[in-house]
Every structure is written in structure tokens, then in C-alpha cells.
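Computed from the coordinates by the stated procedures, all read-outs in this text should not be read as laboratory data. Values in this document were obtained by computation on a predicted structure and should not be read as measured data. We place every Cβ from the backbone using ideal geometry, glycine too, and count neighbours over all the protein chains shown.
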Amino acid sequence: MLNRLEMLRIFVSAAEAQSFKEAAARLGISPQAVTRAVQDLEKVHGELLFHRNTRGVQITAYGGELATRAKTSVLQLDDLFLERPAREAQEVEGAVRLTAPVMLGRVLLMPVLKRLAASHPLLRFDLHLSDAHADVVDDRIDIGVRFGPLHDNRFVARRAASPAFHVVGTPALIERHGAPTSIEQLHQLPTTELRDASAGRGWPWYFAGGAQIVPAAPRFSSNDGDAECEAILAGIGFGQIPAYLADPHIAAGRLVPVLREFMPDPWDVYVYRPQRGPVPARIRLVFDNCVAALGPA
């Protein structure tokens, strides 16, 4: 059973990675070990889990469904096979130091930490929110959350979510100014801007095909994502915000997406930690829960 549990762990990592080689690097094993685990799991299920060709591997529809179930099941099985004293030992007192972009941390990460705090009262959290990338090793951070992968073998990184980015405005704003029909038209419309606090300039807006712009004269500018979101909801201007902020307001009719044909590819969100020696139980607990909770509902 332990072998099958490890087989599932390897499969989940392979499903989240771009290649078996990348999955192997994350787990600290050989690519051949990943291939063997996938082949063994295919024999167990009698189904092909990955399409393989000279360009790489691609997960099958059956494999994708299995990966979704396996992602949370691995955590549950770990808990089931621990005896009560071992489970209690995992609730060691001590701090877990985390870093994340400001809005991603507030909206996605905080609910995870609140749930963990309620069920594991001996855990303590030290959360650093900043839109400047923090180096986990140099800043002595245990776990980081960020947009985009880390091409650094010092880290174990798991892809957890892939939110889309929407350009949105209120119905009243669209009634007054009309909906933009081209990216360039945004320069003539009232817009909002999220400033990079470290660089002192606005973050660009991203669109399909690698296109990007910085609106010429934003009507509202702030270095705080909460403030920008409030300005968009107040009808001050159009803004570009991630789906985890926009979707509830779009569903409620408070915001309307525009320029949908120019939407950029979703940005992957990764949870990562240093790959250094044995992982303390509290770090593994928080890391695995962040990966599971930030993933698709």
C-alpha cells in the first residue's frame, strides 16, 4: 500500500509538471522512476494516463480526471495511515513562514491558513505579502506562492491554479463610455492602474499573443490591489484583474468583461519551498494543503 501511495504521489507530480524530467527534479528522483510509476499505475487502472511522443508527454482525459481525485486523496491517505500519536506529532508547535503577492495572498492564501489554524492550534504563521518576488532561501521563507514557474533545482514547486485575467468595467461605465473594441482604444477610456511599489510605475496589461500596454493616462492609480478593485467597482475606470477577483463580481452582474477575444493565456500559480533535507511535518502539512486548496474546485 505504501508503494501505491508513493506511485500516486509521483503521478500527481507528473500530471502537474511539463515533463517527467521536471517532475523527477521536483521529487528528487530519476526520470526513469517517474516513468516506471506511471506505467505501474496504468497497469493498475488498465487505462493510458499519458500520450507519449517525440515532443514529450500529454495527460489523457482519463489521466486528468484521476489526477484531480488523487491530488486530495494522497493527503487523506497520509492521515489515515498515521496512528493517533503520529498525527498529533505532526501538530508540532512552530512557525511556518510564507510569502505571496498581496492580492493572491489575501484572497486565496488566507482562507487556507485560517482553516489550518482552526484544525491545528499549535501551528503559527508568519505571512509576508509583497508584489516584489521574495527569494525563499535568502529570506528564510518556508513556503512561497507566486505567478509563474521556478526554473531552479533548489526548489520543489507545484502548479496549483491557472487564473485567467479579465478586463472589466461596471455596467454604468460601459453605458457612459461604451465597451472598447480594440486594445488601443483603452488609451482613450478611463482606466485604473496598479503600480509596482518597488519600481514606481504601473504594471502593464497583458493580452493574447504577448501584446501588452500601459494605459496612457489612468484615471485611478494605486499600489494597492484592494484599492484598485474598489475603484473598478465604483465605475471610476476599466481595469484588468485576475479571475479570482473578477469572477464573483461578473457572476453578480457588478462587472462586465470586455475585450474577451484578446484575453491572455491564464497565468499558472505555483506553490514552492526550498529543497533542503528532511521536510518538517508542519511545512509539508501547510505546503500540501496550499497546493490542494488553490487548485480547481
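Annotations
- Taking a sphere under 13 Å around the Cβ of Val214 and counting the other residues whose Cβ falls inside, with K and R at +1 and D and E at -1, yields a net charge of -1.
- Shape analysis of region 165-262 places it in the rounded category; the axes a ≥ b ≥ c from the Cα gyration tensor give an a/c below 1.5.
- Note on Cys229, Cys290: ascending count of other Cβ atoms within 10 Å places them as Cys229, Cys290, the fewest first.
- Sites Arg284 and Tyr206 - FRET efficiency at Förster radius 35 Å, r taken between beta-carbons, to 0.05: 0.55
- Eligible lysines near Lys43 by straight Cα distance, threshold 26 Å, same-chain separation 8 or greater: Lys21, Lys71
- For region 1-81: rounded, prolate or oblate by the Cα gyration tensor [a/c cutoff 1.5]: prolate
- Region 165-262: antiparallel DSSP beta bridges as a percent of all, rounded to 5: 75 percent
- The charge dipole of region 1-81, taken about the Cα centre with unit charges on the Cβ atoms of Lys, Arg (+1) and Asp, Glu (-1), comes to about 240 debye, rounded to the nearest 20.
- Alpha-carbon centroid distance for the pair region 172-249 / region 27-78, whole angstrom: 40 Å
- Cβ-Cβ FRET estimate between Arg52 and Asp196, R0 fixed at 51 Å, reported to 0.05: 0.75
- Cα principal axis extents for the chain, largest first, Å: 63, 47, 35
- Ascending count of other beta-carbon atoms within 10 Å, so fewest first, for Thr181, Thr191, Thr60: Thr181, Thr60, Thr191
- FRET efficiency for the pair Lys114 and Gln18, taken as 1/(1 + (r/R0)^6) with r the Cβ-Cβ distance and R0 = 41 Å, rounds to 0.80.
- Electrostatic tally near Ala160: other residues with Cβ closer than 14 Å to its Cβ, Lys and Arg +1, Asp and Glu -1, net +3.
- The calculated 222 nm mean residue ellipticity attributable to helices in the chain amounts to -12000 deg cm²/dmol, summing -39500 (n - 2.57) over DSSP H runs of n ≥ 4 and dividing by all residues.
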